[in-house]
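Presented below is the structure to which this report refers.
Please treat every number below as a calculation from the coordinates, not as lab data. Fair warning: this is a prediction, and the values are worked out from it, not measured in the lab. Cβ atoms come from the backbone with ideal geometry, glycine included; neighbour counts cover every protein chain shown.
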Amino acid sequence: MTEGIKRAWTEMVQPLLRRPPECQVAALCVRDGQSGPEVLVVTSRGSGRWVIPKGWLMEGKTAAEAAQLEAWEEAGVKSAACDGEPIGHYSYDKRLDDGYVTPVEVQVYRMTVTETADIFPEARERNRRWISPSKAAELVDEPSLQAIFRQM
């Protein structure tokens, strides 16, 4: 009987209680390096793990514009071209300030970077690094983001 209740909870009740994923946008910042394309990764503020600049949608801005603003705030990307369509997506579970964990779907926008700044809003809170896409795939945790890097 206990197995039946556990199975009913896992397969029927829990899926009904889950909220649809929240939506974020991310900037996959790319530049031409000496050995080929390089991508920009930054550390997260909470855990210090390597990620790409990302954040929530913003009222009055397109998703691509919001991704560009996140690239500025988190990584100092001053000038970048974006074609406005996502190149892919990935999912992760975000721990909110209240301790609740929510699923997040992240739309990824490619940004071809032409200029960065050393002084930017979150410069003291994050590290940034230009690396090869294959190295970035090794550093990030999300399998779907790793796949995006590997396709480059």
### Message
Just want the ordering: K94, K54, from fewest to most Cβ atoms lying within 10 Å of their own Cβ.
### Response
K94, K54
### Query
If the cut-off is 16 Å between C-alpha atoms, which aspartates and glutamates fall inside it for K135, apart from same-chain ones fewer than 8 positions away?
D32, E38
### Query
Tell me, what is the FRET efficiency for K78 and V101 to the nearest 0.05, using R0 = 35 angstrom and their Cβ-Cβ distance as r?
0.55
### Task
Neighbouring Cβ atoms within 10 Å as the yardstick, rank Y100, Y92, Y109 fewest first.
Y100, Y92, Y109
### Within straight-line cross-link reach of K78, aspartates and glutamates at Cα separation under 15 Å, skipping those fewer than 8 residues along the same chain
E65, E70, E115, D118, E122
### Query
Which order results if I52, I148 are arranged by neighbouring Cβ count within 10 Å, fewest first?
I148, I52
### Task
Find which of V113, A137, W72 sits farthest along the positive direction of the dipole of the chain, computed with +1 on the beta-carbon of Lys and Arg, -1 on that of Asp and Glu, about the Cα centre.
A137
### Query
Which of these, L57, L96, L40, has the largest mean-square fluctuation under a Gaussian network model of the chain (Cα springs below 10 Å)?
L96
### Query
To the nearest 0.05, what FRET efficiency results for E59 and E142 with a Förster distance of 25 Å applied to their C-beta separation?
0.40
## Note on the structure
Treating only Lys and Arg (+1) and Asp and Glu (-1) as charged, each at its beta carbon, one finds that the chain has a dipole about its Cα centre, in Debye to the nearest 20, of 340 debye
### Task
Return the sequence-ordered ³J(HN,Hα) values of the range 73-86 in whole Hz as given by the Karplus equation 6.51 cos²θ - 1.76 cosθ + 1.60 applied to θ = phi - 60°, using x for Gly and Pro.
5, 8, 9, x, 6, 8, 9, 7, 9, 9, 7, x, 10, x
